[in-house]
Amino acid sequence: MPLLLSHLIIYLLLLTMVTGEILRPRFYSETCPEAESIVRNEMKKALIREARSVASVMRLQFHDCFVNGCDGSVLLDDTPNMLGEKLSLSNINSLRSFEVVDDIKEALEKTCPSTVSCADIVIMASPSRDAVALTGGPDWEVKLGRKDSLTASQKDSDDIMPSPRANATFLIDLFERFDLSVRDMVALSGSHSIGKGRCFSIMFRLYNQSGSGKPDPALEPVYRKKLNTLCPLGGDENVTGDLDATPRVFDNQYFKDLVSGRGFLNSDQTLYTSRETRGYVKRFSEDQGEFFRAFEEGMVKLGDLQSGRPGEVRLNCRVVNTRHNDVLLGDS
């Protein structure tokens, strides 16, 4: 990322202290007291339809909050005047379950019109009892009161979001830009305890790690053969594989797999092969309670990221409201 852009992003996030929304638990207790229960019920329905939707919604939070703060920008569809984040390098053919957010928003609009922001929906849906906690993980109180962004930027997403090839050093530097510690980064990587990844993301690991023409030596041999069968050269790279051995249960198996050389993504396995992060991986693999506590703390910090930019409560999470569309198009 260009140095100037990096400094600009940090500056915008620091503006939260002065101009950002004041976030607090139970923000909608008076204006929409049923908000969190509505989100919970819709997430239950989504979970019944497809267990993978839990991990998918949680990924939305990561990909939203890292790009100019938690403002629902990742939910915006492209327009003739705006190239948004959905087709950025880290999101295209990867981010999913936007329709789950749509369903939650529709249910909320029936009960509390124009009240609950799409940005807050993503935050509530990600760690609710019907997402992480319903799959066996921790639950915690979320702070709410965000506004939805008026725009999105594919370039900002491309400049910020890591690729599956990222190593631990890159990830440490990225998280530090947002005042997230090494411990936070390793714990939040544990979100890969649930969900799946595409063959596209690991082909280089299997057949040409670092341009060597050979597989990643960190891959445990039996696991590598399993991945070779799942993701053969010339095969369908949209085929998906489990990110850990218990993909429907939020637990510390992800870290146990890394210790055993069975990390699916390069950006996962590098957490164990790197000296700076190996200690946390071992500790979380041995103590699930400590992992859960670190994960909760990291998710709260992640949710606090804001840009300080003007916002609104969108009526449709995929588009800005009409009056702001008019302004963006230059009409008045």
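The values are calculated or read from the model by the stated rules, or taken from the named source; none is laboratory data. Fair warning: this is a prediction, and the values are worked out from it, not measured in the lab. For neighbour counting, all protein chains shown are included, and Cβ atoms are generated from backbone atoms with ideal geometry for every residue, glycine included. Please note that ligands, DNA and RNA were not included when accessible areas were found on the heavy atoms of the full protein model with its side chains. Shrake-Rupley method; radii C 1.70, N 1.55, O 1.52, S 1.80 Å.
Structural remarks
- Across region 137-151, the qualifying residues are those that are under 18 Å from the mean Cα position of the chain (by Cα) and hydrophobic (A, V, I, L, M, F, W, C), and the one among them that is farthest from S114 (Cα to Cα) is W140.
- Scanning region 248-261 for residues that are buried (at least 23 other Cβ atoms within 10 Å of the Cβ) and not aliphatic (A, V, I, L, M), we see that the one that is farthest from D216 (Cα to Cα) is F250.
- Any pair with Cβ under 9 angstrom, 6 or more apart, that starts in region 136-155 at a residue that is within 30 Å of R293 (Cβ to Cβ) and free of Cβ contacts under 8 Å to residues at least 60 places away in the same chain and ends at one that is acidic (D, E) and surrounded by 17 or more Cβ atoms within 10 Å (Cβ to Cβ): D139/E296
- Test: residue in region 178-188 that is touching a helix residue (DSSP H, G or I) at 6+ places or on another chain (Cβ under 9 Å) and over 19 Å from E290 (Cβ atoms): yes
- Which listed residue is aliphatic (A, V, I, L, M) and either assigned to a loop (DSSP other than H, G, I, E, B) or open to solvent by 30 Å² or more (accessible area, probe 1.4 Å) (or both), from L108, L60, L47: L47
- The residues of region 271-295 that are touching a residue at least 60 places away in the same chain (Cβ under 8 Å), open to solvent by 20 Å² or more (accessible area, probe 1.4 Å) and of a type outside the set (D, E, K, R), listed by number, are T273, Y280, F292.
- Filtered residue count, region 166-208, keeping only those that are open to solvent by less than 40 Å² (accessible area, probe 1.4 Å) and on the phi > 0 side of the Ramachandran plot: 1
- For region 209-233, a tally of residues being of a type in the set (D, E, K, R) and open to solvent by less than 30 Å² (accessible area, probe 1.4 Å) returns 1.
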